[in-house]
1. For an R0 of 25 angstrom, estimate the FRET efficiency from the Cβ-Cβ distance between residue A:77 and residue B:40 and round to the nearest 0.05.
2. Could you state the principal axis extents of the C-alpha atoms in the range B:14-112, from the largest down, to the nearest angstrom?
3. Other chains near B:41-48: what is the mean number of their Cβ atoms within 10 Å of each residue's Cβ?
4. Provide the gained length on full extension for the span residue A:70 to residue A:26, in nm with one decimal, where the gain is 0.36 nm per separating residue minus the Cα-Cα distance.
5. What's the average, rounded to a whole number, of partner chain beta-carbon atoms within 10 Å of each residue's beta-carbon in A:89-96?
6. With a Förster radius of 22 Å, plug the Cβ-Cβ distance of residue B:26 and residue B:107 into 1/(1 + (r/R0)^6) and report the FRET value to the nearest 0.05.
7. Of all DSSP beta bridges located in chain B, what percent are antiparallel, nearest 5?
8. Could you line up B:110, B:70 from fewest to most neighbouring Cβ atoms inside 10 Å?
């Protein structure tokens, strides 16, 4: 049981490039979400999903897209990277939308 | 979005002493709260949770207290150990919502 797995762990992009952060969980959780963590600002919700085929926006969705084609996977796409998107990104999953969140180890993204 | 704030950004305690980390929340409709521990370079890990129909909940060496009147919760760690050094976050959720809101975190340092 691997839990929540994120890849890559580190990535450097140039402004304007696109990329996808991968997230997979093997706990059969319906609820998955993406957070970004910036110094002094805690964790902020980007997008979330309550099940396959269903996604919704969180606090800071601009510049990011998500999809949920399977229960296991919830990729986060940056369409045109900006320096303001330099951050540490965490994927999390839960049995339900009000249950304990299980977090991945994080993906550190730097946009130059 | 709702704000969750912490009174103290840093806390230093002697090994063996008890630690108290405080958190204020602003949404009176929030009815589920979680404390997370985040070690350097890792994702947040669940410590303990509490629902709004309770005032106190105890775990192994940890206790969470909830005061709904003043919208405040605290995390008490008994006999603090060096391994407790980390950043601690509180998070709130409304039962009808799909979003957790996190505080900015308190950095706990245990002095041997």
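Nothing in this text is a laboratory measurement; each read-out follows from the coordinates by a stated rule. Predicted model only: the values in this text are computed from it and were never measured. Quick reminder, even Gly has a Cβ in these numbers, built from the backbone with ideal geometry, and neighbours come from all protein chains shown.
1. With R0 = 25 Å, the Cβ-Cβ based efficiency is 0.35.
2. So the three principal-axis extents are 43, 27, 20 Å.
3. 6
4. Extra length from residue A:70 to residue A:26 when fully extended: 14.7 nm.
5. Average neighbour count from other chains, rounded to a whole number: 1.
6. 0.50
7. 90 percent
8. B:70, B:110
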